[in-house]
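Asker: Take a look at this one; I'll ask things after.
Quick note: the coordinates plus some simple rules give every number you see, no bench work behind them. Keep in mind that this is a model prediction, so the values were computed, not measured. Cβ sites come from the backbone with ideal geometry, for glycine too, and all protein chains shown count toward neighbours.
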Amino acid sequence: MGQIVMQFAGSDSLTSKIIQWFGHGRYAHVDTVMPDGLLLGARNDVMAGYPPGVQLRGPDYQVGYTLKRVTIPCTDAQQSDYYQFVLDQVGKPYDSRAIAAFAAGTDWTTKGAWFCSELCTAALQHCGWLKELSEPPSKVDPDSLLLVISAFVEV
């Protein structure tokens, strides 16, 4: 049996607080925890020396954040497809247009660019663990993703 691990993060920074306000929750970011412990996710900022965009980052790059790890049971094939999908996105830019559209209530996704929860939601759909939702991945903030996952697994 396979598994997919995600790490949700929140902080007291202004950016984090704004995202948490829009999501009505505690988390403003989500990364995929890779099997080797590295974190793969999309960020719009340079953090701990890591550039913006979709990157692999060290497991401790979010110093001072509130963190929550969630393990999603899945088939071995789903695990493989999920992790390959996110790895294939490394080096792609952050989807700042989708974030602006998210705040404005529209859908202006940029093909080939991602924000954190958009990437994780698309990967869950790509591997077949999550069916297509009533809204596209670009409408899913970190707390909404956690809510969706909590319908299937204990968080």
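Asker: Which strands (runs of 3 or more DSSP E) sit wholly inside the stretch 26-72 and have at least 2 residues that are out of contact with any Lys or Arg (no Cβ under 8 Å at 6 or more places or on another chain), hydrophobic (A, V, I, L, M, F, W, C) and surrounded by 19 or more Cβ atoms within 10 Å (Cβ to Cβ)?
Answerer: Where strands (runs of 3 or more DSSP E) fall fully within the stretch 26-72, none carries at least 2 residues being out of contact with any Lys or Arg (no Cβ under 8 Å at 6 or more places or on another chain), hydrophobic (A, V, I, L, M, F, W, C) and surrounded by 19 or more Cβ atoms within 10 Å (Cβ to Cβ).
Asker: Output the residues belonging to the stretch 76-105 that are exposed (fewer than 14 other Cβ atoms within 10 Å of the Cβ) and in contact with a strand residue (DSSP E or B) (Cβ under 9 Å, 6 or more places away or on another chain).
Answerer: Scanning the stretch 76-105 gives Asp76, Ala77, Ser80, Val90, Gly91.
Asker: For residues that are buried (at least 21 other Cβ atoms within 10 Å of the Cβ), closer than 15 Å to Gly25 by Cβ and not acidic (Asp, Glu), tally how many sit in the stretch 121-145.
Answerer: Within the stretch 121-145, residues that are buried (at least 21 other Cβ atoms within 10 Å of the Cβ), closer than 15 Å to Gly25 by Cβ and not acidic (Asp, Glu) number 3.
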